[in-house]
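The values are calculated or read from the model by the stated rules, or taken from the named source; none is laboratory data. As the structure is a prediction and not an experimental result, all values here were calculated from the model. Backbone-built Cβ (ideal geometry, glycine too); neighbour counts: all protein chains shown. Side chains are part of the model used for accessible areas, which takes the heavy atoms of the whole protein and leaves out ligands, DNA and RNA. Shrake-Rupley method; radii C 1.70, N 1.55, O 1.52, S 1.80 Å.
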Amino acid sequence: MRQAGRYLPEYRAVREKVDFLTLCKTPDLAAEVTIQPVDIIGVDAAIIFSDILVVPEAMGMQLVMEDGNGGPRFPAPIRSHAQIDALPVPDPHSKLKFVLDAIRTTRNNLNNKVPLIGFSGSPWTLATYMVEGKGTKNFRHIKELIFSYPKDAHFLLDKLARAVAAYLSAQIEAGAQAIQIFDTWGGVLAQEEFEEFSLQYIRRVLSLVKRSGAPAIIFCKDCGHSLEKIADSGADVVGLDWTIDIGKAREMVGSYVGLQGNLDPAMLYSTPERIEKGVQSILKKFGKGRGHIFNLGHGVLPDTPFENVKVFVNAVKKFSVQYH
Ligand code: 1CP
């Protein structure tokens, strides 16, 4: 899940000098903040520093990142067939070259110390931001699109699936050793609509990506209802949020996919004792054997005490040896 960011003083120091999008678009700096959690926290893999929203930007949408609580925003959201029609499927080698350069620089600087994960938003999650224009509570506009204009919704999602597949293939070619698809908003749909508007397009992406042996991790937040279908989508690893019992998930799908997760990130606001207890509980639920990538059930939350992220990583290393 997301591991760089504001909880790290070293990240804040870099961000004081440049704004967020400049950081994403300056490969040397992106590589630097990608490697920070590896060196400072001791995580076992790096995830390339970028954002899912650079893909809509590469399709021609203006992206604004507001500091403070504003977050990312598209001032001219997609609200018509004509706008969808005008969206190109971008060539990642030109429009997203800065991400590919950041991957190449990071691989070089990591020198095989840990593997590097590339990522993209899922077509559905990208469509959500493109149509809403910003974070939303009730998803009014994107849901109006799928319920009232389903053909247009499919038109948009199909373009996004092709864009995401080309982007992930280019990341693998540039050196990403695994890829992760974030479906942050899959869980706002009922099961039937999740299948039609989200999972179908994740499957499509996976069928198109030139994986060259790189495993694919699929994380659909709040989608426990569709665990078996997600595991059957062509994923190698399924990311779990904290609402799913990882022991039950292992019983259901653990014989054919790996599982990633799933500590509640809010537990990192708590005490070292509570964090260690939480880590042990998840290890016990998964049980002995291979196939578990320990992680949070979503990204590190803002203002998480930096020491507690270290406590978490150390606890995973300390207690997991009993379960090998
Ligand atoms: O100024 C800052 O530092 C802004 C905070 C921030 C960071 C650190 C944003 C804005 N994006 C990122 C980096 C980022 N985003 C990574 C890099 C890897 C890492 O952190 O280690 C990744 C993987 C993402 C992916 C991302 N961006 C997702 C999917 C994963 C998830 O957390 O659900 C989503 C939904 C976004 C959108 C986004 N970008 C930033 C914010 C604040 C948001 C959420 C906006 C919202 O929904 O309101």
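Is it fair to say residue 169 is open to solvent by less than 10 Å² (accessible area, probe 1.4 Å), of a type in the set (Gly, Ala, Ser) and under 18 Å from the mean Cα position of the chain (by Cα)?
Against the criterion (open to solvent by less than 10 Å² (accessible area, probe 1.4 Å), of a type in the set (Gly, Ala, Ser) and under 18 Å from the mean Cα position of the chain (by Cα)), residue 169 does not qualify.
Report yes if some residue within the stretch 3-19 is part of a loop (DSSP other than H, G, I, E, B) and farther than 25 Å from residue 241 by Cβ; otherwise report no.
Scanning the stretch 3-19 turns up at least one residue that is part of a loop (DSSP other than H, G, I, E, B) and farther than 25 Å from residue 241 by Cβ.
Quick check, is residue 143 of a type in the set (Lys, Arg), at negative phi and open to solvent by less than 30 Å² (accessible area, probe 1.4 Å)?
In short, no.
Please work out if residue 58 is open to solvent by 60 Å² or more (accessible area, probe 1.4 Å) and among the aliphatic types (A, V, I, L, M). Before you say what the answer is, go through the steps one by one.
Numbers: open to solvent by 60 Å² or more (accessible area, probe 1.4 Å): no; among the aliphatic types (A, V, I, L, M): yes.
Against the criterion (open to solvent by 60 Å² or more (accessible area, probe 1.4 Å) and among the aliphatic types (A, V, I, L, M)), residue 58 does not qualify.
Do we find a residue being more than 10 Å from the ligand (Cβ to nearest atom), under 27 Å from residue 268 (Cβ atoms), open to solvent by 40 Å² or more (accessible area, probe 1.4 Å) and free of Cβ contacts under 8 Å to residues at least 24 places away in the same chain anywhere in the stretch 38-53?
Scanning the stretch 38-53 turns up at least one residue that is more than 10 Å from the ligand (Cβ to nearest atom), under 27 Å from residue 268 (Cβ atoms), open to solvent by 40 Å² or more (accessible area, probe 1.4 Å) and free of Cβ contacts under 8 Å to residues at least 24 places away in the same chain.
If you scan the stretch 35-78, which residues turn out to be assigned to a loop (DSSP other than H, G, I, E, B), in contact with a helix residue (DSSP H, G or I) (Cβ under 7 Å, 6 or more places away or on another chain) and more than 24 Å from residue 170 (Cα to Cα)?
41, 42, 43, 74, 77, 78
Considering only the stretch 211-227, I want to know if a residue exists there that is β-branched (Val, Ile, Thr), open to solvent by 20 Å² or more (accessible area, probe 1.4 Å), within 16 Å of the ligand (Cβ to nearest atom) and in contact (Cβ under 8 Å) with a residue 40 or more places away in the chain. So that I can check it myself, show each step before the final result.
Taking the stretch 211-227 first, the residues β-branched (Val, Ile, Thr) are 217-218.
Keeping just the survivors that are open to solvent by 20 Å² or more (accessible area, probe 1.4 Å) gives none.
No.
Here is a yes/no grid of residues against (1) more than 20 Å from residue 45 (Cβ to Cβ); (2) within 17 Å of the chain's Cα centre (by Cα):
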position	(1), (2)
225	yes, no
228	yes, no
237	no, yes
241	no, yes
244	yes, no
256	yes, no
261	no, yes
264	yes, yes
